[in-house]
Amino acid sequence: MKKANWFLLVLLLALSMFLAACSGGDESGGETEGDAEGGDGEETEESSGMDSEQVLNLYEPSEIPTMDASMATDAVAFQWLGSTMDGLYRVGEDGETEEGIAIDHEISDDSLTWTFNLRDDATWSNGDPVTAHDFVYAWQRAVNPDTGSEYGPYMMGGVIENAQAIADGDAPVEELGVEAADDYTLEVTLEKPTPYFESLTTFGTFLPLNEEFVEEQGEDYALEAESLIANGPFVITEWDASGWTLEKNEDYWDADQVNLEQINVDVVKETSSAVNLYQTGEVDRVALDAEFVDEYRSAEDFTTIEEPTLFYLKMNQENEILSNENARKAIQRVIDRDSLVNTLLNNGSLASAGNMPQNFVFHPETEEDFREVNGDLFETNVEEAQELWATAKEELDIEEAEIGYLGGDTELSKNMDAYIKDQLEQLEGLTVNVQAVPFQERLDRDTEMDYDLQNAGWGPDYVDPNTFLNLWVTDGGNNKTGYSSEEYDSMIEEANNELAQEPVERFETLLEAEKLLIEEDAVLAPLYQRSRAYLWQPYLKDVTFNQAGPDFTYKYAYIEGKE
(Lines give C-alpha, C1' and ligand atoms only; values in the text may rest on other atoms or scores of the structure.)
Protein backbone atom coordinates (compact mmCIF):
# COMPACT_ATOMS: atom_id res chain seq x y z
CA MET A 1 0.00 0.00 0.00
CA LYS A 2 1.23 0.46 0.71
CA LYS A 3 2.91 -0.30 -2.01
CA ALA A 4 3.52 0.60 -2.88
CA ASN A 5 5.74 0.88 -2.98
CA TRP A 6 9.49 3.95 -3.22
CA PHE A 7 10.58 5.83 -0.19
CA LEU A 8 10.43 9.16 -1.87
CA LEU A 9 7.04 8.52 -3.37
CA VAL A 10 5.45 7.38 -0.20
CA LEU A 11 7.35 9.91 1.85
CA LEU A 12 6.32 12.69 -0.44
CA LEU A 13 2.88 11.30 -0.47
CA ALA A 14 2.90 11.42 3.23
CA LEU A 15 4.87 14.35 4.29
CA SER A 16 4.35 16.45 1.22
CA MET A 17 5.23 13.66 -0.91
CA PHE A 18 4.26 5.77 -3.10
CA LEU A 19 6.08 2.78 -3.07
CA ALA A 20 4.11 3.06 -2.96
CA ALA A 21 2.50 2.91 -3.58
CA CYS A 22 1.68 1.14 -3.97
CA SER A 23 1.37 1.56 -2.50
CA GLY A 24 -0.41 3.48 -1.97
CA GLY A 25 -2.12 7.98 -1.86
CA ASP A 26 -0.55 10.38 0.23
CA GLU A 27 -1.84 12.76 2.68
CA SER A 28 -3.98 11.52 5.49
CA GLY A 29 -5.73 12.60 8.48
CA GLY A 30 -8.46 12.81 11.00
CA GLU A 31 -9.42 14.97 13.92
CA THR A 32 -7.32 12.83 16.20
CA GLU A 33 -5.59 9.56 15.57
CA GLY A 34 -8.58 7.70 16.94
CA ASP A 35 -11.05 9.77 14.96
CA ALA A 36 -9.10 9.11 11.77
CA GLU A 37 -9.88 5.43 12.07
CA GLY A 38 -13.62 5.94 12.31
CA GLY A 39 -16.12 5.16 9.60
CA ASP A 40 -18.14 2.00 9.95
CA GLY A 41 -20.52 3.04 7.20
CA GLU A 42 -23.56 3.12 9.46
CA GLU A 43 -24.00 6.87 9.73
CA THR A 44 -26.05 8.46 6.99
CA GLU A 45 -26.59 12.10 6.14
CA GLU A 46 -29.86 12.15 8.06
CA SER A 47 -28.45 10.51 11.19
CA SER A 48 -25.28 12.60 11.30
CA GLY A 49 -27.10 15.87 10.79
CA MET A 50 -24.79 16.99 7.99
CA ASP A 51 -25.21 20.66 7.28
CA SER A 52 -22.33 21.28 4.89
CA GLU A 53 -21.61 20.88 1.20
CA GLN A 54 -20.19 17.38 0.72
CA VAL A 55 -17.11 18.40 -1.29
CA LEU A 56 -13.67 17.28 -0.14
CA ASN A 57 -10.56 19.11 -1.34
CA LEU A 58 -7.22 17.27 -1.22
CA TYR A 59 -3.83 17.33 -2.91
CA GLU A 60 -1.21 14.83 -4.00
CA PRO A 61 2.48 15.60 -4.50
CA SER A 62 2.53 13.40 -7.60
CA GLU A 63 0.35 12.74 -10.61
CA ILE A 64 -1.41 9.38 -11.08
CA PRO A 65 0.81 7.34 -13.46
CA THR A 66 -2.06 5.04 -14.51
CA MET A 67 -5.48 3.89 -13.38
CA ASP A 68 -5.07 0.49 -15.02
CA ALA A 69 -5.31 -2.01 -12.14
CA SER A 70 -3.10 -4.48 -14.00
CA MET A 71 -0.32 -1.93 -14.47
CA ALA A 72 -0.45 0.12 -11.25
CA THR A 73 2.59 -0.14 -8.98
CA ASP A 74 2.53 3.01 -6.84
CA ALA A 75 0.71 4.41 -3.83
CA VAL A 76 -1.07 7.19 -5.73
CA ALA A 77 -2.62 4.82 -8.27
CA PHE A 78 -3.70 2.32 -5.62
CA GLN A 79 -5.25 5.07 -3.51
CA TRP A 80 -7.55 6.22 -6.28
CA LEU A 81 -8.21 2.75 -7.65
CA GLY A 82 -9.43 1.90 -4.16
CA SER A 83 -11.67 4.96 -4.20
CA THR A 84 -13.30 4.18 -7.55
CA MET A 85 -13.32 0.38 -7.64
CA ASP A 86 -14.65 -2.54 -5.60
CA GLY A 87 -12.91 -5.91 -5.67
CA LEU A 88 -14.23 -9.07 -4.09
CA TYR A 89 -13.70 -7.44 -0.71
CA ARG A 90 -12.70 -4.00 0.53
CA VAL A 91 -10.37 -3.00 3.34
CA GLY A 92 -12.62 -2.24 6.30
CA GLU A 93 -12.16 -0.76 9.75
CA ASP A 94 -9.22 -2.10 11.82
CA GLY A 95 -7.85 -3.90 8.76
CA GLU A 96 -10.76 -6.32 8.57
CA THR A 97 -12.26 -7.13 5.20
CA GLU A 98 -15.77 -6.01 4.35
CA GLU A 99 -18.13 -6.83 1.52
CA GLY A 100 -17.31 -5.59 -1.94
CA ILE A 101 -18.61 -7.44 -4.97
CA ALA A 102 -18.48 -10.68 -2.95
CA ILE A 103 -21.12 -11.18 -0.27
CA ASP A 104 -19.40 -14.27 1.18
CA HIS A 105 -17.23 -17.25 0.26
CA GLU A 106 -16.61 -20.90 1.09
CA ILE A 107 -13.26 -22.66 1.40
CA SER A 108 -12.74 -26.35 0.61
CA ASP A 109 -11.43 -28.74 3.26
CA ASP A 110 -7.95 -28.69 1.71
CA SER A 111 -8.01 -24.85 1.64
CA LEU A 112 -7.25 -24.85 -2.09
CA THR A 113 -10.64 -23.97 -3.60
CA TRP A 114 -12.32 -20.69 -2.71
CA THR A 115 -15.84 -20.11 -3.99
CA PHE A 116 -17.01 -16.49 -3.92
CA ASN A 117 -20.69 -15.65 -4.12
CA LEU A 118 -21.13 -12.29 -5.83
CA ARG A 119 -23.88 -9.72 -5.45
CA ASP A 120 -26.18 -9.34 -8.42
CA ASP A 121 -26.86 -5.60 -7.94
CA ALA A 122 -23.39 -4.25 -8.72
CA THR A 123 -22.94 -2.38 -12.01
CA TRP A 124 -20.22 -0.55 -13.88
CA SER A 125 -20.68 3.17 -14.38
CA ASN A 126 -21.57 2.47 -18.04
CA GLY A 127 -24.52 0.36 -16.89
CA ASP A 128 -23.02 -3.12 -17.44
CA PRO A 129 -23.43 -5.63 -14.62
CA VAL A 130 -20.31 -6.61 -12.64
CA THR A 131 -19.96 -10.37 -12.97
CA ALA A 132 -17.56 -13.20 -12.21
CA HIS A 133 -16.35 -12.97 -15.82
CA ASP A 134 -14.90 -9.52 -15.04
CA PHE A 135 -12.64 -11.06 -12.41
CA VAL A 136 -11.58 -13.90 -14.69
CA TYR A 137 -10.64 -11.46 -17.45
CA ALA A 138 -8.80 -9.08 -15.10
CA TRP A 139 -6.77 -11.76 -13.35
CA GLN A 140 -5.84 -13.51 -16.59
CA ARG A 141 -4.82 -10.16 -18.05
CA ALA A 142 -2.64 -9.39 -15.03
CA VAL A 143 -0.54 -12.56 -15.39
CA ASN A 144 -0.49 -12.61 -19.19
CA PRO A 145 3.14 -11.85 -20.17
CA ASP A 146 1.87 -9.81 -23.12
CA THR A 147 0.36 -7.31 -20.66
CA GLY A 148 3.67 -6.55 -18.98
CA SER A 149 2.22 -6.24 -15.49
CA GLU A 150 4.71 -6.15 -12.62
CA TYR A 151 2.23 -6.82 -9.85
CA GLY A 152 0.21 -9.53 -11.61
CA PRO A 153 2.97 -12.17 -11.46
CA TYR A 154 4.22 -10.83 -8.14
CA MET A 155 0.86 -10.97 -6.34
CA MET A 156 -0.58 -14.06 -8.02
CA GLY A 157 2.50 -16.16 -8.78
CA GLY A 158 2.76 -19.13 -6.45
CA VAL A 159 -0.68 -18.28 -5.03
CA ILE A 160 -3.25 -18.87 -7.78
CA GLU A 161 -2.91 -22.12 -9.69
CA ASN A 162 -0.68 -21.83 -12.78
CA ALA A 163 -0.16 -18.07 -12.38
CA GLN A 164 3.62 -18.33 -12.40
CA ALA A 165 3.70 -20.76 -15.32
CA ILE A 166 1.51 -18.38 -17.32
CA ALA A 167 3.66 -15.37 -16.41
CA ASP A 168 6.74 -17.32 -17.50
CA GLY A 169 5.15 -18.15 -20.85
CA ASP A 170 4.90 -21.87 -20.05
CA ALA A 171 1.11 -22.15 -19.94
CA PRO A 172 -1.85 -20.41 -21.65
CA VAL A 173 -3.80 -17.79 -19.68
CA GLU A 174 -6.90 -19.99 -19.83
CA GLU A 175 -5.24 -22.36 -17.36
CA LEU A 176 -5.19 -19.78 -14.56
CA GLY A 177 -7.01 -21.14 -11.53
CA VAL A 178 -9.99 -18.80 -11.76
CA GLU A 179 -13.34 -19.67 -13.30
CA ALA A 180 -16.82 -18.17 -13.55
CA ALA A 181 -19.11 -21.02 -12.53
CA ASP A 182 -21.93 -18.66 -13.50
CA ASP A 183 -22.37 -14.89 -13.68
CA TYR A 184 -22.33 -14.52 -9.91
CA THR A 185 -20.14 -17.38 -8.70
CA LEU A 186 -16.35 -17.16 -8.90
CA GLU A 187 -14.22 -20.23 -8.21
CA VAL A 188 -10.53 -19.76 -7.43
CA THR A 189 -8.04 -22.62 -7.17
CA LEU A 190 -4.84 -21.94 -5.26
CA GLU A 191 -1.42 -23.49 -5.73
CA LYS A 192 -1.19 -24.04 -1.98
CA PRO A 193 -3.04 -23.02 1.18
CA THR A 194 -2.58 -19.27 1.54
CA PRO A 195 -3.53 -17.94 4.98
CA TYR A 196 -3.75 -14.34 3.79
CA PHE A 197 -5.70 -14.87 0.57
CA GLU A 198 -8.87 -13.11 1.76
CA SER A 199 -6.81 -10.02 2.62
CA LEU A 200 -5.04 -10.34 -0.73
CA THR A 201 -8.33 -9.98 -2.63
CA THR A 202 -8.69 -6.40 -1.39
CA PHE A 203 -5.55 -5.34 -3.26
CA GLY A 204 -5.72 -3.31 -6.46
CA THR A 205 -4.25 -5.97 -8.76
CA PHE A 206 -7.25 -8.21 -7.98
CA LEU A 207 -9.86 -5.67 -9.07
CA PRO A 208 -12.26 -6.70 -11.85
CA LEU A 209 -12.16 -5.23 -15.37
CA ASN A 210 -14.91 -4.88 -17.93
CA GLU A 211 -13.43 -6.74 -20.91
CA GLU A 212 -15.53 -5.09 -23.61
CA PHE A 213 -14.72 -1.59 -22.35
CA VAL A 214 -10.99 -2.25 -21.84
CA GLU A 215 -10.55 -3.80 -25.27
CA GLU A 216 -12.52 -0.99 -26.91
CA GLN A 217 -10.17 1.62 -25.35
CA GLY A 218 -7.05 -0.29 -26.37
CA GLU A 219 -3.76 1.43 -25.49
CA ASP A 220 -5.66 4.48 -24.23
CA TYR A 221 -7.38 2.54 -21.46
CA ALA A 222 -7.10 4.17 -18.03
CA LEU A 223 -4.98 7.11 -19.15
CA GLU A 224 -7.69 9.78 -18.94
CA ALA A 225 -11.15 10.23 -17.44
CA GLU A 226 -12.90 9.42 -20.73
CA SER A 227 -11.17 6.02 -20.93
CA LEU A 228 -12.25 4.89 -17.46
CA ILE A 229 -15.28 3.29 -15.90
CA ALA A 230 -15.82 2.50 -12.23
CA ASN A 231 -17.77 0.10 -10.05
CA GLY A 232 -16.92 1.70 -6.70
CA PRO A 233 -18.04 4.64 -4.54
CA PHE A 234 -16.67 7.36 -6.86
CA VAL A 235 -16.04 7.99 -10.55
CA ILE A 236 -13.18 10.07 -11.96
CA THR A 237 -14.81 12.73 -14.14
CA GLU A 238 -11.79 14.98 -14.84
CA TRP A 239 -8.08 14.13 -14.89
CA ASP A 240 -5.01 15.93 -16.20
CA ALA A 241 -1.47 16.73 -15.07
CA SER A 242 -2.68 19.38 -12.63
CA GLY A 243 -5.13 17.15 -10.76
CA TRP A 244 -8.35 15.17 -10.93
CA THR A 245 -11.97 15.22 -9.79
CA LEU A 246 -14.06 12.36 -8.43
CA GLU A 247 -17.84 12.44 -8.16
CA LYS A 248 -20.15 10.15 -6.25
CA ASN A 249 -21.10 7.09 -8.30
CA GLU A 250 -24.89 7.19 -8.15
CA ASP A 251 -25.02 3.68 -9.64
CA TYR A 252 -22.82 2.17 -6.93
CA TRP A 253 -24.44 -0.81 -5.20
CA ASP A 254 -23.88 0.82 -1.78
CA ALA A 255 -24.45 4.44 -2.82
CA ASP A 256 -26.66 5.11 0.21
CA GLN A 257 -23.57 4.85 2.42
CA VAL A 258 -21.54 7.33 0.34
CA ASN A 259 -21.91 10.88 1.64
CA LEU A 260 -19.35 12.89 -0.30
CA GLU A 261 -20.62 14.27 -3.57
CA GLN A 262 -17.22 15.28 -4.93
CA ILE A 263 -13.48 14.95 -4.22
CA ASN A 264 -11.11 17.45 -5.84
CA VAL A 265 -7.39 16.61 -5.92
CA ASP A 266 -4.70 19.07 -7.01
CA VAL A 267 -1.07 18.14 -7.69
CA VAL A 268 1.06 20.21 -5.30
CA LYS A 269 4.72 19.26 -4.95
CA GLU A 270 5.90 21.72 -2.30
CA THR A 271 4.82 21.44 1.34
CA SER A 272 4.89 25.21 1.78
CA SER A 273 2.42 25.63 -1.08
CA ALA A 274 0.16 22.93 0.35
CA VAL A 275 0.19 24.57 3.80
CA ASN A 276 -0.79 27.88 2.22
CA LEU A 277 -3.68 26.17 0.45
CA TYR A 278 -4.80 24.67 3.75
CA GLN A 279 -4.63 27.98 5.56
CA THR A 280 -6.74 29.64 2.89
CA GLY A 281 -9.31 26.84 2.99
CA GLU A 282 -8.54 25.48 -0.45
CA VAL A 283 -7.57 22.01 0.81
CA ASP A 284 -9.00 20.22 3.84
CA ARG A 285 -5.88 18.38 4.94
CA VAL A 286 -2.14 18.84 4.60
CA ALA A 287 0.80 16.58 5.39
CA LEU A 288 3.54 18.42 7.26
CA ASP A 289 7.28 18.07 7.00
CA ALA A 290 9.71 18.89 9.81
CA GLU A 291 9.80 22.60 8.95
CA PHE A 292 6.12 22.95 9.82
CA VAL A 293 5.63 20.33 12.56
CA ASP A 294 7.04 22.47 15.37
CA GLU A 295 5.09 25.47 14.15
CA TYR A 296 1.76 23.65 14.23
CA ARG A 297 2.28 20.92 16.85
CA SER A 298 0.07 22.69 19.40
CA ALA A 299 -2.70 23.49 16.92
CA GLU A 300 -6.09 21.88 17.54
CA ASP A 301 -6.16 20.49 14.02
CA PHE A 302 -2.71 18.83 14.29
CA THR A 303 -2.62 15.03 14.31
CA THR A 304 -0.22 12.16 13.65
CA ILE A 305 -0.84 8.67 12.34
CA GLU A 306 1.58 5.75 12.72
CA GLU A 307 1.74 3.55 9.63
CA PRO A 308 3.13 0.06 8.95
CA THR A 309 5.24 1.56 6.16
CA LEU A 310 9.02 1.15 6.05
CA PHE A 311 11.75 3.14 4.34
CA TYR A 312 15.26 1.97 3.62
CA LEU A 313 18.21 2.28 1.29
CA LYS A 314 18.14 -0.30 -1.48
CA MET A 315 21.66 -1.33 -2.44
CA ASN A 316 22.21 -2.70 -5.94
CA GLN A 317 24.54 -5.67 -5.55
CA GLU A 318 25.41 -5.55 -9.25
CA ASN A 319 27.53 -2.53 -8.27
CA GLU A 320 31.05 -3.77 -7.42
CA ILE A 321 31.25 -1.84 -4.14
CA LEU A 322 27.76 -2.75 -2.99
CA SER A 323 28.33 -6.40 -3.83
CA ASN A 324 30.63 -6.39 -0.79
CA GLU A 325 28.84 -7.43 2.42
CA ASN A 326 31.10 -5.35 4.66
CA ALA A 327 30.43 -2.25 2.56
CA ARG A 328 26.69 -2.78 2.93
CA LYS A 329 27.00 -3.28 6.69
CA ALA A 330 29.04 -0.10 6.93
CA ILE A 331 26.28 1.81 5.13
CA GLN A 332 23.69 0.35 7.53
CA ARG A 333 25.59 1.44 10.61
CA VAL A 334 26.87 4.88 9.65
CA ILE A 335 23.46 6.59 9.31
CA ASP A 336 22.10 8.26 12.44
CA ARG A 337 18.49 7.15 12.11
CA ASP A 338 17.41 8.76 15.39
CA SER A 339 18.47 12.20 14.18
CA LEU A 340 16.76 11.51 10.88
CA VAL A 341 13.37 10.88 12.50
CA ASN A 342 13.66 13.33 15.39
CA THR A 343 15.10 16.29 13.51
CA LEU A 344 14.67 15.92 9.78
CA LEU A 345 11.22 14.27 9.80
CA ASN A 346 10.02 15.40 13.24
CA ASN A 347 6.59 13.84 12.70
CA GLY A 348 6.49 10.83 15.02
CA SER A 349 8.26 8.44 12.63
CA LEU A 350 10.31 5.73 14.31
CA ALA A 351 13.91 4.73 13.62
CA SER A 352 13.89 1.25 12.12
CA ALA A 353 16.50 -1.50 12.23
CA GLY A 354 14.59 -4.32 10.60
CA ASN A 355 12.32 -5.22 7.71
CA MET A 356 9.03 -5.47 9.63
CA PRO A 357 7.13 -2.54 11.16
CA GLN A 358 5.91 -2.52 14.74
CA ASN A 359 2.23 -3.01 15.57
CA PHE A 360 1.58 -4.87 12.33
CA VAL A 361 1.73 -8.65 12.88
CA PHE A 362 1.85 -10.67 16.08
CA HIS A 363 2.94 -14.12 17.24
CA PRO A 364 -0.08 -16.46 16.88
CA GLU A 365 0.34 -17.90 20.38
CA THR A 366 2.06 -15.31 22.56
CA GLU A 367 0.65 -12.29 20.68
CA GLU A 368 4.08 -10.64 20.87
CA ASP A 369 4.82 -8.03 18.22
CA PHE A 370 7.08 -9.39 15.45
CA ARG A 371 9.25 -6.27 15.74
CA GLU A 372 9.55 -6.65 19.51
CA VAL A 373 10.55 -10.32 19.24
CA ASN A 374 13.40 -9.69 16.81
CA GLY A 375 14.33 -6.27 18.15
CA ASP A 376 16.91 -4.07 16.42
CA LEU A 377 19.05 -6.13 14.04
CA PHE A 378 21.91 -3.60 14.03
CA GLU A 379 22.86 -0.35 15.77
CA THR A 380 24.16 2.97 14.52
CA ASN A 381 27.86 2.96 15.31
CA VAL A 382 30.15 5.17 13.24
CA GLU A 383 33.34 3.62 14.61
CA GLU A 384 32.18 0.11 13.72
CA ALA A 385 31.01 1.37 10.33
CA GLN A 386 34.46 2.82 9.60
CA GLU A 387 36.08 -0.53 10.49
CA LEU A 388 33.70 -2.42 8.23
CA TRP A 389 34.31 0.11 5.45
CA ALA A 390 38.08 -0.23 5.83
CA THR A 391 37.75 -4.00 5.54
CA ALA A 392 35.56 -3.61 2.46
CA LYS A 393 38.13 -1.34 0.78
CA GLU A 394 40.86 -3.88 1.47
CA GLU A 395 38.74 -6.67 0.00
CA LEU A 396 37.93 -4.54 -3.04
CA ASP A 397 41.52 -3.25 -3.30
CA ILE A 398 40.45 0.40 -3.44
CA GLU A 399 41.28 3.58 -1.51
CA GLU A 400 38.37 5.70 -2.67
CA ALA A 401 34.90 4.98 -4.04
CA GLU A 402 32.05 6.78 -5.80
CA ILE A 403 28.47 5.58 -5.52
CA GLY A 404 25.44 6.98 -7.32
CA TYR A 405 22.32 7.81 -5.33
CA LEU A 406 18.96 7.93 -7.07
CA GLY A 407 16.86 10.66 -5.48
CA GLY A 408 13.65 12.62 -5.99
CA ASP A 409 13.02 16.08 -7.40
CA THR A 410 10.83 17.59 -4.70
CA GLU A 411 11.90 19.89 -1.89
CA LEU A 412 11.44 17.22 0.76
CA SER A 413 13.26 14.58 -1.26
CA LYS A 414 16.22 16.86 -1.77
CA ASN A 415 16.46 17.60 1.95
CA MET A 416 16.32 13.90 2.81
CA ASP A 417 18.86 12.96 0.15
CA ALA A 418 21.26 15.68 1.29
CA TYR A 419 21.10 14.38 4.86
CA ILE A 420 21.80 10.79 3.84
CA LYS A 421 24.62 11.84 1.50
CA ASP A 422 26.24 13.70 4.40
CA GLN A 423 25.89 10.66 6.67
CA LEU A 424 27.31 8.23 4.13
CA GLU A 425 30.28 10.44 3.31
CA GLN A 426 31.49 9.97 6.89
CA LEU A 427 32.92 6.73 5.48
CA GLU A 428 36.51 7.62 4.59
CA GLY A 429 37.09 8.00 0.87
CA LEU A 430 33.43 7.63 -0.14
CA THR A 431 31.77 10.12 -2.50
CA VAL A 432 28.01 9.92 -3.03
CA ASN A 433 26.63 11.48 -6.21
CA VAL A 434 22.95 12.35 -5.87
CA GLN A 435 20.81 12.48 -8.98
CA ALA A 436 17.35 14.02 -8.54
CA VAL A 437 14.78 12.64 -10.98
CA PRO A 438 10.98 12.79 -11.39
CA PHE A 439 8.96 10.01 -9.81
CA GLN A 440 8.12 8.11 -12.99
CA GLU A 441 11.79 8.04 -14.01
CA ARG A 442 12.66 6.71 -10.56
CA LEU A 443 10.16 3.87 -11.05
CA ASP A 444 11.55 3.07 -14.50
CA ARG A 445 15.14 3.06 -13.30
CA ASP A 446 14.28 0.83 -10.35
CA THR A 447 12.66 -1.65 -12.73
CA GLU A 448 15.79 -1.64 -14.90
CA MET A 449 18.08 -1.72 -11.83
CA ASP A 450 19.67 1.44 -13.17
CA TYR A 451 20.88 2.74 -9.80
CA ASP A 452 23.50 2.12 -7.10
CA LEU A 453 21.70 3.38 -4.00
CA GLN A 454 18.12 4.57 -3.78
CA ASN A 455 15.86 5.66 -0.98
CA ALA A 456 12.92 3.31 -1.21
CA GLY A 457 9.93 2.22 0.81
CA TRP A 458 7.21 -0.36 1.12
CA GLY A 459 3.70 -0.32 2.53
CA PRO A 460 1.95 -3.67 3.02
CA ASP A 461 -0.30 -5.12 0.34
CA TYR A 462 -2.01 -7.41 2.86
CA VAL A 463 -1.82 -8.11 6.59
CA ASP A 464 0.84 -10.82 6.87
CA PRO A 465 4.64 -10.74 7.38
CA ASN A 466 5.06 -12.26 3.93
CA THR A 467 4.18 -8.92 2.33
CA PHE A 468 7.52 -7.51 3.52
CA LEU A 469 9.74 -10.59 3.45
CA ASN A 470 8.68 -12.15 0.15
CA LEU A 471 10.04 -9.06 -1.63
CA TRP A 472 13.61 -10.26 -1.46
CA VAL A 473 13.48 -13.78 -2.88
CA THR A 474 15.72 -14.49 -5.85
CA ASP A 475 14.41 -12.75 -8.99
CA GLY A 476 11.37 -11.47 -7.08
CA GLY A 477 9.43 -8.89 -9.08
CA ASN A 478 10.14 -6.16 -6.51
CA ASN A 479 13.57 -7.34 -5.40
CA LYS A 480 15.64 -5.25 -7.85
CA THR A 481 18.73 -5.44 -5.64
CA GLY A 482 20.53 -8.41 -7.23
CA TYR A 483 20.25 -10.27 -3.91
CA SER A 484 20.01 -14.04 -4.20
CA SER A 485 20.24 -16.47 -1.30
CA GLU A 486 19.27 -20.14 -1.42
CA GLU A 487 18.96 -20.13 2.37
CA TYR A 488 16.64 -17.13 2.39
CA ASP A 489 14.60 -18.47 -0.51
CA SER A 490 14.15 -21.81 1.25
CA MET A 491 12.93 -20.10 4.44
CA ILE A 492 10.29 -18.11 2.56
CA GLU A 493 9.35 -21.18 0.52
CA GLU A 494 8.94 -23.31 3.64
CA ALA A 495 6.91 -20.64 5.42
CA ASN A 496 4.50 -20.38 2.52
CA ASN A 497 4.25 -24.08 1.70
CA GLU A 498 4.95 -26.77 4.28
CA LEU A 499 4.23 -24.40 7.17
CA ALA A 500 1.30 -22.56 5.58
CA GLN A 501 -1.12 -24.18 8.03
CA GLU A 502 1.30 -24.25 10.97
CA PRO A 503 1.02 -20.65 12.19
CA VAL A 504 3.54 -20.81 15.06
CA GLU A 505 6.28 -22.54 13.10
CA ARG A 506 5.61 -20.29 10.11
CA PHE A 507 5.89 -17.12 12.18
CA GLU A 508 9.14 -18.24 13.79
CA THR A 509 10.62 -19.18 10.41
CA LEU A 510 9.86 -15.69 9.14
CA LEU A 511 11.55 -14.21 12.20
CA GLU A 512 14.72 -16.08 11.24
CA ALA A 513 14.37 -14.99 7.63
CA GLU A 514 14.37 -11.33 8.66
CA LYS A 515 17.54 -11.85 10.71
CA LEU A 516 19.28 -13.41 7.72
CA LEU A 517 18.15 -10.60 5.41
CA ILE A 518 19.18 -7.64 7.58
CA GLU A 519 21.58 -8.81 10.26
CA GLU A 520 23.66 -11.29 8.28
CA ASP A 521 23.36 -10.43 4.59
CA ALA A 522 22.74 -6.67 5.01
CA VAL A 523 20.56 -6.51 1.90
CA LEU A 524 18.97 -3.21 2.97
CA ALA A 525 19.91 -0.28 5.16
CA PRO A 526 16.67 0.29 7.12
CA LEU A 527 15.86 3.91 7.95
CA TYR A 528 12.49 4.38 9.60
CA GLN A 529 8.85 3.43 10.02
CA ARG A 530 6.69 6.28 8.91
CA SER A 531 4.30 8.33 10.94
CA ARG A 532 2.63 11.21 9.23
CA ALA A 533 1.87 14.59 10.73
CA TYR A 534 -1.12 16.51 9.45
CA LEU A 535 -3.24 19.53 9.77
CA TRP A 536 -6.70 18.04 9.38
CA GLN A 537 -9.87 20.08 9.39
CA PRO A 538 -12.16 18.94 12.24
CA TYR A 539 -15.18 19.03 9.94
CA LEU A 540 -13.79 16.10 7.91
CA LYS A 541 -15.22 12.96 9.54
CA ASP A 542 -14.97 9.19 9.19
CA VAL A 543 -11.95 8.86 6.94
CA THR A 544 -10.52 5.40 7.62
CA PHE A 545 -6.77 4.83 7.63
CA ASN A 546 -5.83 1.41 6.22
CA GLN A 547 -2.92 -0.79 7.22
CA ALA A 548 -2.78 -2.33 3.75
CA GLY A 549 -3.87 -1.31 0.27
CA PRO A 550 -5.12 2.27 -0.26
CA ASP A 551 -3.90 4.59 2.46
CA PHE A 552 -7.40 5.93 3.11
CA THR A 553 -11.00 4.98 2.60
CA TYR A 554 -13.36 7.83 1.70
CA LYS A 555 -16.46 5.70 1.18
CA TYR A 556 -17.96 6.68 4.55
CA ALA A 557 -16.38 10.12 4.90
CA TYR A 558 -18.50 13.22 5.30
CA ILE A 559 -18.17 16.93 6.10
CA GLU A 560 -20.04 18.39 9.04
CA GLY A 561 -19.89 21.82 10.60
CA LYS A 562 -17.84 23.53 7.92
CA GLU A 563 -18.47 27.26 7.98
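The values are calculated or read from the model by the stated rules, or taken from the named source; none is laboratory data. Please read all numbers here as calculations on a predicted model, not as lab measurements. Note that each Cβ is placed from the backbone with ideal geometry, even for glycine, and that neighbours are counted across all protein chains shown. These accessible areas exclude ligands, DNA and RNA; they are computed on the full protein's heavy atoms, side chains included. Shrake-Rupley method; radii C 1.70, N 1.55, O 1.52, S 1.80 Å.
Here are a few things to note about the model shown:
- Virtual spin-label span in nm between ALA255 and GLU320, 7 Å along Cα→Cβ: 6.5 nm
- Of ILE331, ILE103, the order by accessible heavy-atom surface (1.4 Å probe, DNA, RNA and ligands excluded), from most exposed downward, is ILE103, ILE331.
- Summed side-chain charge close to GLY429 - residues other than GLY429 whose Cβ falls under 9 Å, Lys, Arg +1, Asp, Glu -1: -2
- Helical content alone sets the calculated 222 nm signal of the chain at -7500 deg cm²/dmol, taking -39,500 (n - 2.57) per DSSP H segment of four or more residues and averaging over every residue.
- Scattering profile of the stretch 378-427 at q = 0.14, 0.23, 0.28, 0.31 Å⁻¹ [log10 I(q)/I(0), Debye over alpha-carbon scatterers]: -0.47, -0.93, -1.07, -1.15
- Shown in residue order for the stretch 417-432 are the 3J(HN,Hα) couplings computed by the Karplus curve 6.51 cos²θ - 1.76 cosθ + 1.60 at θ = phi - 60°: 5, 5, 4, 5, 4, 4, 5, 5, 6, 5, 6, 4, x, 9, 10, 10 Hz (x for Gly and Pro).
- Distance between the 7 Å Cα→Cβ label points at ALA225 and THR115: 4.4 nm.
- Distance violations [Cα-Cα > 23 Å] among LYS393/LYS421; LYS248/LYS541; LYS393/LYS515; LYS269/LYS555: LYS393/LYS515; LYS269/LYS555
- Where LEU406, LEU388 fall by accessible area, highest first, once all protein chains stay in place (1.4 Å): LEU388, LEU406
- HN-Hα J in Hz across the stretch 291-304 - Karplus 6.51, -1.76, 1.60, θ = phi - 60°, x for Gly and Pro: 4, 9, 4, 4, 5, 10, 4, 8, 5, 5, 9, 8, 8, 10
- R0 of 35 Å, Cβ-Cβ distance GLU395-GLU448: FRET efficiency to nearest 0.05: 0.80
- Of the residues GLU384, GLU98, GLU514, GLU372, the one with the largest accessible area comes first in the ranking GLU372, GLU384, GLU98, GLU514, computed with a 1.4 Å probe on protein heavy atoms.
- Residues of the chain: accessible area per residue with a 1.4 Å probe, Å²: 36 Å²
- As a fraction of the 1.4 Å probe accessible area of the chain, surface on carbon and sulfur atoms comes out at 38 percent.
- Solvent-accessible surface (1.4 angstrom probe) belonging to HIS363, in square angstrom, nearest 10: 20 Å²
- Backbone HN-Hα couplings from phi across the stretch 262-278 [Karplus 6.51/-1.76/1.60, Hz, Gly and Pro as x]: 7, 10, 9, 10, 9, 8, 9, 8, 9, 4, 4, 5, 5, 5, 4, 5, 5
- Cα→Cβ-extended label distance, 7 Å offset, between HIS363 and GLU98, nm: 3.4 nm
- Projecting the Cα atoms of LEU246, LEU228, GLN332 onto the charge dipole of the stretch 203-336, computed from C-beta unit charges around the Cα centre, puts GLN332 farthest toward the positive end.
- Each part reduced to its alpha carbon centroid, the stretch 83-155 and the stretch 333-369 end up 33 Å apart.
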